[in-house]
Amino acid sequence: MRGKLYTLPGGVDTLKAYMRKFAQEGMSSHYVRRLGEIALERNGSKDQVVAVHSFLQSTFLYQPDPVERELLISPIRFAEDYILDGVAHRGDCDDLATLGSAVLGSLGYKTRLLIVSYEVEPEHAYAEVWTDELGWISFDLASIGRPLGWDSNPTRVWYIAW
């Protein structure tokens, strides 16, 4: 069964619940695991987190949701469509955060998701990955051109952990 594209009702609480659900489901998907293995095979970096970040950021590009709609693409859909059909979907920050978290989690890394704001309303989402060397580091696939570990310095953070 292919992953699905969901149109979400409600606000940040609904988004957080679906992001958590999709990331957890993706971590146990053999397609998501295979996507992580492809990332490691195609990138010359010896650092697995760097390799996965580089591959995902260059393969699955950022595209905002349609105006007035919140869509969420499951990591399983990203992975299945890429592996089976060669389709690299575009997604917004919450799609890419959930994908990154699921891929890293499938490879055995500890991750968490964040929804952040720079004023009052939630404005951006990204993943963080735990490394023994640096602790929690930003794994932001939607901030094009920004390196692994780049911190956006938000004023408010909602953590999505499991």
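A few comments on the model shown:
- Scan of the range 38-53 for residues that are touching a residue at least 12 places away in the same chain (Cβ under 8 Å) and farther than 20 Å from Gly149 by Cα, ordered by number: Ile38, Arg42
- The one condition from (1) touching a residue at least 60 places away in the same chain (Cβ under 8 Å); (2) in contact with an Asp or Glu (Cβ under 8 Å, 6 or more places away or on another chain) that Ser138 does not meet is (1).
- Residue match in the range 148-156 (condition: touching an Asp or Glu at 6+ places or on another chain (Cβ under 6 Å), within 26 Å of His30 (Cα to Cα) and outside any helix (DSSP H, G or I)): no
- Selection within the range 10-35 - under 19 Å from Leu84 (Cβ atoms) and in contact (Cβ under 8 Å) with a residue 40 or more places away in the chain: Phe22, Glu25, Gly26, Ser28, Ser29, Tyr31, Val32, Arg33, Arg34, Leu35
- Considering the range 89-106, the residues that are acidic (Asp, Glu) and within 9 Å of the chain's Cα centre (by Cα) include one that is surrounded by the fewest Cβ atoms within 10 Å (Cβ to Cβ), namely Asp94.
- Options Glu123, Glu133; residue that is of a type outside the set (A, V, I, L, M, F, W, C) and under 16 Å from Leu96 (Cα atoms): Glu123
Residue-by-condition table, conditions (1) part of a helix (DSSP H, G or I); (2) more than 18 Å from Ala127 (Cβ to Cβ); (3) in contact with a Gly (Cβ under 7 Å, 6 or more places away or on another chain):
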| position | (1), (2), (3) |
| --- | --- |
| Gln24 | yes, no, no |
| Val32 | yes, no, yes |
| Glu37 | yes, yes, no |
| Leu72 | no, no, no |
| Ala97 | yes, no, no |
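- Single residue of the range 107-119 satisfying the filter (part of a loop (DSSP other than H, G, I, E, B) and at pLDDT below 90) that is surrounded by the fewest Cβ atoms within 10 Å (Cβ to Cβ): Glu119
- In the range 125-160, residue surrounded by the fewest Cβ atoms within 10 Å (Cβ to Cβ) [restricted to those that are at pLDDT 90 or above and polar (S, T, N, Q)]: Thr131
- One residue stands out among those in the range 125-158 that are over 12 Å from the mean Cα position of the chain (by Cα) and β-branched (Val, Ile, Thr): the one that is nearest to Lys16 (Cα to Cα), which is Val157.
The values are calculated or read from the model by the stated rules, or taken from the named source; none is laboratory data. A quick note: this is a predicted structure, and the numbers were derived from the prediction, not measured. With ideal geometry, Cβ positions are generated from the backbone for all residues, glycine too; neighbour counts draw on all protein chains shown.
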